Each structure stands twice: as structure tokens, then as C-alpha cells.
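These notes concern the structure reproduced below.
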Amino acid sequence: TLAGITGFSGNNDGPSYLAHFNSPQGIVLASVGGIPGLVVSDTGNHTIRFVRLSDGTVSTLAGKASVTGNAINAANTNATFRFPVG
């Protein structure tokens, strides 16, 4: 496990040993701000997350954790998603 606590769902960002996901579905290797990592569709939290490869630190790139409803086209955490999967 690179990041997240196995068996416990949640939406915490931060160091790998404190981070939580809720049904992550899609993953792609990417670089954000010149930092290599993984972009993850955190389906159950309705967010897009980033995991740094160097240390597993997790941050939310877009979406509002656990907010459901219609998708809203906006920047960063002002955007909303409905069960993103890829």
C-alpha cells in the first residue's frame, strides 16, 4: 500500500499513514506541478486525488469530499463530481 489505511474509508488528506480513500476506482500515472505521482478517482468521496510517489502523501485536486449531486464545472475543490471512475 502506497497510501491510505486498508479497511477504513474516509477522505483525509496528508501523509500516507493518515490518508483515507472511499472506493478508489481509476488511477493514472501523472506529474502535478513537476511532482510525479498517481491521480486517483476517489469514487466514494466524489473527488480526484493525487498521491506523491516519493512518500505517498495524498492531496485532493478537485471535488468536495462526500458532496453528491449534479456535477459542477469549476476549479479545484469548487468542482463537484458524481461518482468519478476514471
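The values are calculated or read from the model by the stated rules, or taken from the named source; none is laboratory data. Computed from a predicted structure; not experimentally measured. Note: ideal-geometry Cβ built from the backbone for every residue, glycine included; neighbour counts use all protein chains shown. Please note that ligands, DNA and RNA were not included when accessible areas were found on the heavy atoms of the full protein model with its side chains. Shrake-Rupley method; radii C 1.70, N 1.55, O 1.52, S 1.80 Å.
Observations, loosely collected:
- Filtered residues of segment 53-65 (kept if out of contact with any Ser or Thr (no Cβ under 6 Å at 6 or more places or on another chain) and within 18 Å of Gly26 (Cβ to Cβ)): Leu53, Val58, Ser59, Leu61, Ala62
- Only strands (runs of 3 or more DSSP E) whose full extent lies in segment 1-73 are considered here, and the ones with at least 2 residues that are closer than 15 Å to Pro84 by Cβ and open to solvent by 60 Å² or more (accessible area, probe 1.4 Å) are 24-32.
- Hits in segment 33-52 (condition: of a type in the set (S, T, N, Q) and touching a Ser or Thr at 6+ places or on another chain (Cβ under 7 Å)): Thr43, Asn45, Thr47
- Of the residues making up segment 32-48, at least one is modelled with pLDDT of 95 or more, in contact with a Leu (Cβ under 8 Å, 6 or more places away or on another chain) and under 15 Å from Ala62 (Cα atoms).
- Residue within segment 19-32 that is aromatic (Phe, Trp, Tyr) and either in contact (Cβ under 8 Å) with a residue 24 or more places away in the chain or touching an Asp or Glu at 6+ places or on another chain (Cβ under 6 Å) (or both) present: yes
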